[in-house]
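Remarks on the structure that follows.
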Amino acid sequence: MENPNELTPAELAAKYINQTNCPVFLTGKAGTGKTTFLRKIIEHTLKNAIIVAPTGIAAINAGGVTIHSQFGLPFGAFVPDSTFQMTELNAKVNTPFTLIKHLNMREHKRRLLQELELLIIDEVSMLRADLLDMIDFVLKHIRRQQHKPFGGVQVLFIGDLMQLPPVVKEDEWHVLNRYYQSIYFFDALVLKRHKPVYIELDKIYRQSDTVFIDLLNHLRNNKVTQADIDLLNTYYKPNFDASKALNTITLTTHNYKADEMNKTALQQLSGKSFFYRAVVEDEFNESAYPVEYSLELKVGAQIMFVKNDPSGQQLFFNGKIAVVSKLTDETIEVDFKDGSKPIEINRYEWKNIKYELNTITNEVDEIEIGTFKQFPIKTAWAITVHKSQGLTFENAILDINRAFAPGQVYVALSRLKSLQGLVLTTPIQFQSIQQDKTLLNYVDDKPANSELQRNIRNERKLFLRDYLLKTYNYTWIDTQFSRHIESYQLDENKSNKQKHKLWAEQIHDIFKPLAQNAGKFSNQLMRLFESHEDDYLKQIAERHQAAKHYFYPILKDISKRILTQIELLKEEKQIKAYLEELLQLENLTYQRIVLLEKTSALLDAVLSGNDFNKQQIKLLTNQHERLALIKDTIVLTEKMAFEERRTKKKTTNAKPKKEKAPKKDTKEESYLLYKQGLSVHEIAKERKLTSQTVETHLLKYVSLGLIPVTQFVQIEKHQEILACAKKLKSKALSTLKSELGDDFSFSEIRFSLATQALISDDD
């Protein structure tokens, strides 16, 4: 195992993300490689992950989606208090009660959030505390894990708090300040008991001038000296002529100022204007356009690149300035005025995506839903500090005045590579550079590196234990196989499915020993984790490898048998529902195979320090071949469903006979409301029943395997309840409650026993 004391901050952060379930805040000064780290994590992590950001443009740049669209959130403030009453306030305020009413999430999005393991929030400096609590509320509600922050999803926060702050209106803060100490994300209620692991990237790639780096650090940490101010003000040039400055951009405070400067400078150029319109296909919100839809240029116009050179030749970078040297109706040529040859620019394609859960692989897929194609440049005599975030400039004029918010001097200066490229239009005053004390207090409270090193060992152990127990938890799949066997109840003349009963029983006979041995092996794992031996991880890896040699070939055989059966059935009629059942069973089997491989990769990474490799996992689990077979079957079932609908439509032309409405099943009514996302308490309130009555209704569906028991009971508690019932050989709830103690509720015991049909009628 690697020595954690030798890890860089980036390596340590990667370990926390891949080998623990802790929330992580990854920060760093401008130019320390946060974006590079984000891309690497997405490429290598074995966790189901998505990227979100507070704004449309930030989401496009990060390669993700907006927070509001992913979680179906309404706009406006969020008050974590269902009793809050709207009064004379002008602000739109959401509460937990109104949020539930607003949530109308489709099943595919619910499933994605239920399978989500890692949520990455980029540009977190703009993330409001109340918005983060909304995310927490939705995840707990959808995943039905109220006792875990974010419903059990790990969250990676990425950003520099000294950059753009959250925006909150005065009337909103008038309400929110009753609940929040500040509007910054770290003051969200969900993080009060679960503080993120604070890791700061410290290697600066943008600046190499040590004097400049020290100055930026002083600005960032509110430790500016008079010498620093004097140094900055040596770059004050009151008579500087910006019109004669090559490759120099002005950083200003407001959009109207930047727009006015760019418009005026372009108009002053002689020559013909050329217009280049973007090509927008499918879904791409106008508010997320990364550059102007219609780009006006003239020869001699100063432009700035907004992307790095995608060719890999590093001809330009995000923020590099150039001058337009030649234009045609279709082409743009620019000159960098540095002695290099002019280059012709190609259009760049930005993608708008959404996330979907792949029902075949159970992984999160990025689905392209729209594109925006345009030249990756904009006119650049001026730009706002806000829009300069993420850019790097050789030369810049800082149009600093009293409109500059405290701390924004740092943001503006950190865009530059060195002080040699700086021009100030006004002298800098002390009051312009004071950082928000709330931020500084949070930063000062960050843990020491030694504390991070100690903490990761404990958190890693907890994560590995939970992951291995999940890998060898066969309760749910065993229930599904049992229910499938029980479904063969009709006569062969009434259902084509029935003639395959013997085949299904043979499959179940192959599977049953797996479920039994998985339970025994889980107990062995727990004993190893609870031992205090130095080499416990090595022992666990060896035991897992031995278990894998047993489980893997049997699971592969079951998967192959089901896929073969599906292929044989494709020519039969009226078997759509049966094919879907088989697909579900094969998918559950396949997920056990994937978990075995992921667990091997995880243990290897911990013990040897190797990186994860998603492609290797896909290769080992034979994803491509399986994918082709299952896709064909899914297309076939969809075709069958279409034919059924068309046939049904034809037969309904005749006037139907009037029949009495069937009596509603009260248990089913509760179940349907539960599937819509309502909690037990909410269903009880809706139906004017007691919560215990609703729980009794839902017990049936837990026993049928239609609702996972883990939505009501933690997996560790569930296993302990079943073990206690087996030991006492008792069905009585009161007996079990007495033995288990106050940490277990009657409700948890009832739901656990429902999976084994052990509830006593006497109770």
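The values are calculated or read from the model by the stated rules, or taken from the named source; none is laboratory data. These numbers were taken from a predicted model, which means no experiment stands behind them. Neighbour counts run over all protein chains shown; Cβ positions are idealised from the backbone, glycine included. Note: accessible area is taken over every heavy atom of the protein model, side chains too, but ligands, DNA and RNA are not part of it. Shrake-Rupley method; radii C 1.70, N 1.55, O 1.52, S 1.80 Å.
Of all the criteria given as (1) in contact with a helix residue (DSSP H, G or I) (Cβ under 7 Å, 6 or more places away or on another chain); (2) more than 30 Å from Lys499 (Cβ to Cβ), the one not satisfied by Gln574 is (2). Close contacts from segment 684-703, counting a first residue that is touching a residue at least 60 places away in the same chain (Cβ under 8 Å) and a second that is of a type in the set (A, V, I, L, M, F, W, C), with Cβ to Cβ under 6 Å and a gap of 6+ residues or different chains, come to Leu699/Ala754.
On the basis of being of a type in the set (Lys, Arg), modelled with pLDDT of 90 or more and either in contact with a Gly (Cβ under 6 Å, 6 or more places away or on another chain) or open to solvent by 10 Å² or more (accessible area, probe 1.4 Å) (or both), does Lys373 make the cut?
Values: of a type in the set (Lys, Arg): yes; modelled with pLDDT of 90 or more: yes; either in contact with a Gly (Cβ under 6 Å, 6 or more places away or on another chain) or open to solvent by 10 Å² or more (accessible area, probe 1.4 Å) (or both): yes.
Judged against the criteria, Lys373 is a match.
Just one of the listed residues (Gln70, Gln146) is in contact with a Lys or Arg (Cβ under 9 Å, 6 or more places away or on another chain) and surrounded by fewer than 21 Cβ atoms within 10 Å (Cβ to Cβ), namely Gln146. Only a single criterion out of (1) in contact with a Leu (Cβ under 7 Å, 6 or more places away or on another chain); (2) charged (D, E, K, R); (3) modelled with pLDDT of 85 or more is not satisfied by Asp209, namely (3). So, in segment 155-175, exactly how many residues are open to solvent by less than 10 Å² (accessible area, probe 1.4 Å) and farther than 28 Å from Arg220 by Cβ? Total meeting the criteria: 1.
Within segment 672-702, the set of residues being outside any helix (DSSP H, G or I), of a type outside the set (S, T, N, Q) and open to solvent by 50 Å² or more (accessible area, probe 1.4 Å) comprises Lys688, Leu689. Within segment 219-252, the residues that satisfy the criterion of being under 17 Å from Met162 (Cβ atoms), at pLDDT below 85 and surrounded by 16 or more Cβ atoms within 10 Å (Cβ to Cβ) are Leu219, Arg220, Asn222, Val224.
With respect to Lys109, is the statement that it is open to solvent by 10 Å² or more (accessible area, probe 1.4 Å), basic (Lys, Arg), farther than 20 Å from His194 by Cβ and under 13 Å from the mean Cα position of the chain (by Cα) true? Considered against the rule, which asks whether it is open to solvent by 10 Å² or more (accessible area, probe 1.4 Å), basic (Lys, Arg), farther than 20 Å from His194 by Cβ and under 13 Å from the mean Cα position of the chain (by Cα), Lys109 comes out as yes. Of all residues in segment 19-45, which are within 13 Å of Leu118 (Cβ to Cβ) and either touching a Pro at 6+ places or on another chain (Cβ under 8 Å) or open to solvent by less than 20 Å² (accessible area, probe 1.4 Å) (or both)? Gln19, Thr20, Cys22, Pro23, Val24, Leu26, Leu38, Ile41, Thr45 - these are the residues of segment 19-45 that are within 13 Å of Leu118 (Cβ to Cβ) and either touching a Pro at 6+ places or on another chain (Cβ under 8 Å) or open to solvent by less than 20 Å² (accessible area, probe 1.4 Å) (or both). Count of segment 345-355 residues, restricted to those that are closer than 16 Å to Lys373 by Cα and either among the aromatic types (Phe, Trp, Tyr) or part of a strand (DSSP E or B) (or both), is 7.
Go through the residues of segment 703-726 one by one and say whether even a single one is farther than 20 Å from Tyr474 by Cβ and surrounded by fewer than 18 Cβ atoms within 10 Å (Cβ to Cβ). Give the steps one after another, and end with the answer.
So the first thing to find is which residues in segment 703-726 are farther than 20 Å from Tyr474 by Cβ, and the list is none.
No, because not a single residue in segment 703-726 is farther than 20 Å from Tyr474 by Cβ and surrounded by fewer than 18 Cβ atoms within 10 Å (Cβ to Cβ).
Those helices (runs of 4 or more DSSP H) of segment 42-112 in which at least 2 residues are farther than 16 Å from Val124 by Cα, considering only elements entirely within it, cover 67-71, 96-102. For the criterion of being outside any helix (DSSP H, G or I), over 30 Å from Leu246 (Cβ atoms) and at pLDDT 85 or above, Asn473 passes.
Looking only at residues of segment 565-597 that are open to solvent by 60 Å² or more (accessible area, probe 1.4 Å) and of a type in the set (S, T, N, Q), we find that the one that is modelled with the lowest pLDDT is Gln574. Checking each residue of segment 423-443 against the condition of being in contact with an Asp or Glu (Cβ under 6 Å, 6 or more places away or on another chain) and at pLDDT 85 or above gives at least one match. For segment 492-501, the condition of being open to solvent by less than 70 Å² (accessible area, probe 1.4 Å) and touching a His at 6+ places or on another chain (Cβ under 9 Å) holds for none of the residues.
Would you confirm whether or not segment 78-90 contains a residue that is modelled with pLDDT of 90 or more, within 15 Å of the chain's Cα centre (by Cα), closer than 26 Å to Glu682 by Cβ and buried (at least 21 other Cβ atoms within 10 Å of the Cβ)? The answer is no; no qualifying residue exists. Considering segment 727-739, the residues that are farther than 19 Å from Met526 by Cα, touching a helix residue (DSSP H, G or I) at 6+ places or on another chain (Cβ under 9 Å) and part of a helix (DSSP H, G or I) include one that is most open to solvent (accessible area, probe 1.4 Å), namely Glu739. Would you confirm whether or not segment 669-684 contains a residue that is more than 12 Å from Thr755 (Cα to Cα) and β-branched (Val, Ile, Thr)? Yes, segment 669-684 has at least one match.
Scan segment 176-193 for residues that are crowded, with 17+ Cβ neighbours inside 10 Å, more than 20 Å from the chain's Cα centre (by Cα) and either at pLDDT below 90 or among the small types (Gly, Ala, Ser) (or both) and report the count. Looking only at that region, the number is 1.
Yes or no, residue by residue, for (1) out of contact with any Leu (no Cβ under 9 Å at 6 or more places or on another chain); (2) open to solvent by 90 Å² or more (accessible area, probe 1.4 Å); (3) assigned to a helix (DSSP H, G or I); (4) among the small types (Gly, Ala, Ser):
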| position | (1), (2), (3), (4) |
| --- | --- |
| Asp534 | yes, yes, no, no |
| Gln539 | no, no, yes, no |
| His544 | no, no, yes, no |
| Phe551 | no, no, yes, no |
| Lys560 | yes, yes, yes, no |
| Leu563 | no, no, yes, no |
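Taking segment 740-752 as the range and being in a helix (DSSP H, G or I) and either modelled with pLDDT of 85 or more or open to solvent by less than 30 Å² (accessible area, probe 1.4 Å) (or both) as the test, the residues that pass are Leu740, Ser747, Glu748, Ile749, Arg750, Phe751, Ser752.
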